[in-house]
Structure formats: C-alpha cells, structure tokens
1. What lysines could a cross-link reach from residue 175, if we take a straight Cα to Cα line under 20 Å and drop same-chain neighbours fewer than 8 places away?
2. About its Cα centre, what dipole magnitude does the chain give when the only charges are +1 on Lys and Arg Cβ and -1 on Asp and Glu Cβ, stated in debye to the nearest 20?
3. Using every alpha carbon pair in segment 60-138, what percent of pairs falls into each 5 Å bin from 0 up to the bin containing the largest distance?
4. Counting helices only, and only those DSSP H runs with n ≥ 4, report the 222 nm mean residue ellipticity of the chain as the sum of -39,500 (n - 2.57) divided by its residues, in deg cm²/dmol to the nearest 500.
5. How high is the relative contact order of the chain, given as a whole-number percent (alpha carbon pairs under 8 Å, six or more residues apart)?
6. Shape call for segment 1-82 from the C-alpha gyration tensor, a ≥ b ≥ c root eigenvalues: rounded (a/c under 1.5), prolate (a/b greater than b/c) or oblate?
7. Once phi is turned into θ = phi - 60°, what whole-Hz ³J(HN,Hα) does the Karplus curve with 6.51, -1.76 and 1.60 give for every residue of segment 158-167, x standing for Gly and Pro?
8. So what J values fall out for segment 74-83 if you push phi through Karplus, 6.51 cos²θ - 1.76 cosθ + 1.60 with θ = phi - 60°, rounded to Hz, Gly and Pro as x?
Amino acid sequence: MIHQLAKYWWLVALRGVLAVLFAILAFLWPAITLSILVIFLGAYLFVDGIFTLVHGFRIMKTDSHWWALVLEGLVSVVAGLIALFSPGITALFLVVLVAIWSLVTGILEIILAIRLRKEITNEWMLILAGVLSIVFGIILLAQPLTGVVVISWWLAFYALFFGIFLISVGFRLKKLAR
C-alpha cells in the first residue's frame, strides 16, 4: 500500500493545500453569512472527496485496503453535495453535518495510519490528523448552537492543522516514492 500512496503523494499534499486555503478564507471572513460558509464548506468537502476517491480508485487494483480512502471520499462528496444544494440549511444542521463528516474521516484516517505503521515512520502525523478530526467532531456535537463566527474559526483551525499534517504526510510519501 505504501508504494501506491507514495506514487500519488501529490494527491495527499494537494488535499492539504486545499484545506489550508479553506482555513485562510475562514480566518479572513469569520462573520460571513451562513449561506456563504455553507458554499465554501460544500466546495471544500466536495473537492476533498473527489481527490480522496481518485486516490482510492488508483490504488484499488494493487491494494486491498483501498476501500478506506474510497469510503472517506464518498462521505466527503455526499457531505459537500448536501451543503452545496441546500445553502439555506440551518446552523444546527451545518454543525451536525460537519461533526459527522469529521468523526467518520477521523476514524478512517486512524485506520489508514494503523495499516501503514509497519511500512512508514512517523505515521503518528496521520493518527494525529485523525484524532484532531474526531476531537473537532465531538466539540461540534457538544456545542451545536455556537455562533457562526466561532464555527468558522473552529473550521479554520481544524482545516489549517489538518492541511499542514496532510502536506507533511504528502511530502514524506514523496521521499518514499524516490
């Protein structure tokens, strides 16, 4: 599996760059309206899901654990489409949507890191990204009526750290590809 992940290291790094760009937008405009936040979030989730699906399908024939990436990608695509086609959703639904997405992807990232632990060093970064996703989801579920500005900042911090971890993992995979 590590060889296939390393071959497409740039998909992991690109996901990280997209997450960092989303974080910057959320930091710059924390008081944006709910509909704009939903569109930004939906676009991010959709694009992240597409890249994750592409990665999963590219390794499908060579790795039996491809399903974790495909499942993570499907969850992100579905969450993104819901957000994009329902821009008038309530803040509570947005919080629950993001929380569920964060919990599921966090669990799947930890599974992937555990599968890779014997093949790469510093797999703790992917585990930490997964734990961060899970903690973020729990925080959102615990405080669903928090204001949109706070949600925007939570999303920004989460996306920033998640993006940094993915970029780091992507470049570590690039080194392995050589």
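1. 7, 118
2. Magnitude of the dipole: close to 620 debye.
3. 3, 16, 21, 21, 17, 10, 7, 4, 1, 0
4. -28500 deg cm²/dmol
5. Dividing the mean separation by the residue count of the chain yields 39 percent.
6. Details: a/c = 4.47, a/b = 2.01, b/c = 2.22.
Oblate.
7. Computed from phi, the couplings for segment 158-167 are 4, 4, 5, 5, 4, x, 4, 5, 5, 4 Hz.
8. Ordered by residue, 3J(HN,Hα) equals 4, 4, 5, 5, 4, 4, x, 5, 4, 5 Hz.
We did not get these values from a lab; they are worked out from the coordinates using the rules stated. This one's a predicted model, so the numbers in the text were calculated from it and none came from an experiment. Please note: Cβ atoms are built from the backbone with ideal geometry, for glycine as well, and neighbour counts cover all protein chains shown.
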